[in-house]
Amino acid sequence: MSGSTAESAEPAAAGAPVPSEPVAELSNITRMYRMGEEEVHALDGFSFTFRKGEYWAIMGSSGSGKSTLLNILGCVDRPTGGSYRVRGQEVADLDDDELSTFRGAELGFIFQSYNLIPQLDVLENILMPVMYQDEVPEGIEDRALELAKRVGLGERLHHRPMQLSGGQQQRVAIARSLINDPALILADEATGNLDSKTADEILELFDELHAEGKTILLVTHEAEVGRRAENVLRLKDGNIDSVERGVSRDGEATDAK
Ligand SMILES: Nc1ncnc2c1ncn2[C@@H]1O[C@H](COP(=O)(O)OP(=O)(O)O)[C@@H](O)[C@H]1O
Ligand SMILES: [Mg+2]
């Protein structure tokens, strides 16, 4: 037990914008692996709060802890220490069944390799996260249809993944990530398998989602992708190396050329 942190005592600088509500709160997160005699600290006391509507690129060199962080954020791995809360829910308090329900309801995933189910068509893939819920929400099929149109696949509803281009498959994955209106959208090298023009179209979709107020965390090692996000969190040795806010393309960027 490490005592309470003064989390409510944020300095309210005069004239500063009121921060939006916290979506993902990580406090002193550790992820330790034991390798024989040795302990590897993939995350080493990581504390950070991601807030509603923020768009973050998570960057850092290989081995810095990006995948470990994303796995913990996505509740596919549990930290060995610390607290992780999503919309106020302490993840450590959920058992494995509760956690998978929670994951389906609160988190949207977009992967480098799309991870669509080959036997299912576009609409069915978009509906996949609903399958993990106890109740099928009313009107969910209409919502899937709407999302398919939203990502430009209104004419491809009954295509299987194999019958789609990489960019189209990633659009399905994006629609799938939105079906439950998750608290957080987590993307792992989402454009890593795409040519630059297609990657740009996908990044434009992220820009639109950001403009709509979605909360997006995107792991990338590509500087180009990082530049598109509003904020950049850089990791080093399992902790924060730097935090750059407001590095958007259109704003007064801090990434001076
Ligand atoms: N399953 C594991 N067992 C042992 N060490 C691991 C494991 N996964 C990751 N690590 C170590 O933790 C550190 C962070 O890894 P990772 O999160 O994959 O970094 P990144 O995604 O930034 O390349 C690295 O030193 C890596 O070797
Ligand atoms: Mg990695």
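Computed values, structure above
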read-out	value
Antiparallel bridges, percent of DSSP beta bridges restricted to the stretch 102-257 (to nearest 5)	40
Backbone HN-Hα couplings from phi across the stretch 41-56 [Karplus 6.51/-1.76/1.60, Hz, Gly and Pro as x]	9, 5, 10, 9, x, 7, 10, 6, 10, 9, 10, 4, x, 7, 10, 10
Length-normalised contact order for the stretch 26-151 - Cα pairs under 8 Å, 6+ apart - percent	20
Calculated FRET value between E141 and N115, using beta carbons and R₀ = 22 Å, to 0.05	0.50
Distance between modelled label sites at H221 and T49, nm, 7 Å Cα→Cβ extension	3.3
GluC sites (Glu not before Pro) lying in DSSP loop within the stretch 94-178, provided at most 10 other Cβ fall within 10 Å	E135, E138, E155
Whole-Hz ³J(HN,Hα) from phi, Karplus 6.51 cos²θ - 1.76 cosθ + 1.60, for the stretch 219-235, glycine and proline x	7, 8, 10, 8, 4, 4, 5, x, 5, 7, 6, 6, 9, 10, 10, 9, 9
Cleavage-rule hits, trypsin sites (Lys or Arg not before Pro), the stretch 6-105, DSSP coil, Cβ neighbours within 10 Å at most 15	R87
Set of lysines near K52 by C-alpha distance (under 24 Å), chain-local residues within fewer than 8 positions excluded	K66, K214
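Readers should treat all values here as calculations from the given coordinates under stated rules, not as data from a laboratory. The model shown is predicted, which means the values in this text are computed figures rather than measured ones. Glycine also receives a Cβ, built like all others from the backbone with ideal geometry; neighbour counts cover every protein chain displayed.
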